[in-house]
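Encoded as structure tokens, the structure appears first; notes follow it.
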Amino acid sequence: MSLLLELFLTFAKIGLFTFGGGYAMISLIDYTCVEEKKWITHDEMMDVTVIAESTPGPIAINCATFVGYRQKGLIGAAVSTFGMVLPSFCIIFVISQFLDHFLEIAWVAHAFLGIKAAVGILILDAALKMMKKMKKKPLSLAILGCSVLAMLLINIFALKVSSITLLLAAGVVSLALFFVREKAGKAGAGA
């Protein structure tokens with residue numbers, strides 16, 4: 001029972017004190033679940049992040065669900081997910097009930113300007129950590145370079161291309177190269 005409470009409190013703290021959505025939370029989830037609590041490994045965190053990005057729903061909630069499931073099965077997944085969602089729900093509910101023009105309050109608007117900058121740094125931190133942990137294989141580096149270049153060009157030329165399209169393209173390239181290597185390996189073994 002104490003692990004369930006720890007899962008709930010851990011993800012409630014992450015949900016309460018991290019602004020900017022799932023991408024901003026990845027860095028904190030990584031630090032807490034991998035380095036501090038050792039609930040999952042670095043490789044599992046990388047896999048979870050990719051899977052959570054590729055499945056429906058917010059990435060941070062998907063990560064919390066996986067970690068909870070890994071620790072305590074279905075009940076752990078439910079408790080972790082609830083811990084991640086509850087603080088945000090309560091904050092938004094209170095704001096919606098009492099403050100009609102919340103962002104029109106000068107000090108709130110200025111606070112959110114600072115929060116936007118911090119969110120960008122948290123997302124960059126998560127990306128840099130993932131790149132450091134990535135296995136430095138030529139294919140991985142080529143896909144990383146092409147993805148960065150594609151995102152830069154998309155932003156520079158203001159093109160309307162979804163990040164999901166880039167993820168799917170990277171997956172298709174990886175699968176195609178896997179099948180080419182597999183076929184070449186079988187042809188080499190048969191000769």
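The values are calculated or read from the model by the stated rules, or taken from the named source; none is laboratory data. Worth saying up front: this structure is predicted, and the values here are computed from it rather than measured. Here the Cβ is made from the backbone with ideal geometry for all residues, glycine too, and neighbour counts use every protein chain on show.
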**Message:** I need a count of the residues in the stretch 98-142 that are small (G, A, S) and within 16 Å of L28 (Cα to Cα).
**Reply:** 4
**Message:** If I filter the stretch 173-181 for residues that are in the same structural domain as T49 (by TED's automatic domain parsing), among the aromatic types (F, W, Y), exposed (fewer than 12 other Cβ atoms within 10 Å of the Cβ) and farther than 20 Å from I59 by Cα, do I get at least one hit?
**Reply:** no
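In this structure, does S54 turn out to be surrounded by 12 or more Cβ atoms within 10 Å (Cβ to Cβ), under 17 Å from the mean Cα position of the chain (by Cα), among the small types (G, A, S) and more than 25 Å from S162 (Cβ to Cβ)? Give the derivation first.
On the way: surrounded by 12 or more Cβ atoms within 10 Å (Cβ to Cβ): yes; under 17 Å from the mean Cα position of the chain (by Cα): yes; among the small types (G, A, S): yes; more than 25 Å from S162 (Cβ to Cβ): no.
When the stated conditions are applied, S54 does not pass them.
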**Prompt:** Does A158 satisfy the criteria of being under 21 Å from V50 (Cβ atoms) and out of contact with any helix residue (DSSP H, G or I) (no Cβ under 8 Å at 6 or more places or on another chain)?
**Reply:** no
**Prompt:** Could you count how many residues in the stretch 44-62 are of a type outside the set (A, V, I, L, M) and touching a residue at least 60 places away in the same chain (Cβ under 8 Å)?
**Reply:** 3
**Request:** For S88, state whether it is small (G, A, S) and more than 30 Å from L4 (Cα to Cα).
**Result:** no
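Test A150 against the stated conditions and say whether it is surrounded by 13 or more Cβ atoms within 10 Å (Cβ to Cβ), within 23 Å of G15 (Cα to Cα) and small (G, A, S). Talk me through it step by step, then tell me what you get.
Values: surrounded by 13 or more Cβ atoms within 10 Å (Cβ to Cβ): yes; within 23 Å of G15 (Cα to Cα): no; small (G, A, S): yes.
For A150, the condition - surrounded by 13 or more Cβ atoms within 10 Å (Cβ to Cβ), within 23 Å of G15 (Cα to Cα) and small (G, A, S) - is not met.
Take L122 and decide whether it is out of contact with any helix residue (DSSP H, G or I) (no Cβ under 6 Å at 6 or more places or on another chain) and either under 25 Å from I61 (Cβ atoms) or hydrophobic (A, V, I, L, M, F, W, C) (or both). Give the derivation first.
Details: out of contact with any helix residue (DSSP H, G or I) (no Cβ under 6 Å at 6 or more places or on another chain): no; either under 25 Å from I61 (Cβ atoms) or hydrophobic (A, V, I, L, M, F, W, C) (or both): yes.
Considered against the rule, which asks whether it is out of contact with any helix residue (DSSP H, G or I) (no Cβ under 6 Å at 6 or more places or on another chain) and either under 25 Å from I61 (Cβ atoms) or hydrophobic (A, V, I, L, M, F, W, C) (or both), L122 comes out as no.
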**Message:** Any residue that is under 13 Å from the mean Cα position of the chain (by Cα), crowded, with 17+ Cβ neighbours inside 10 Å and of a type outside the set (K, R) - is there at least one of those in the stretch 84-92?
**Reply:** no
**Prompt:** Do you know which residues across the stretch 23-43 are surrounded by 14 or more Cβ atoms within 10 Å (Cβ to Cβ), at pLDDT 90 or above and polar (S, T, N, Q)?
**Reply:** T32
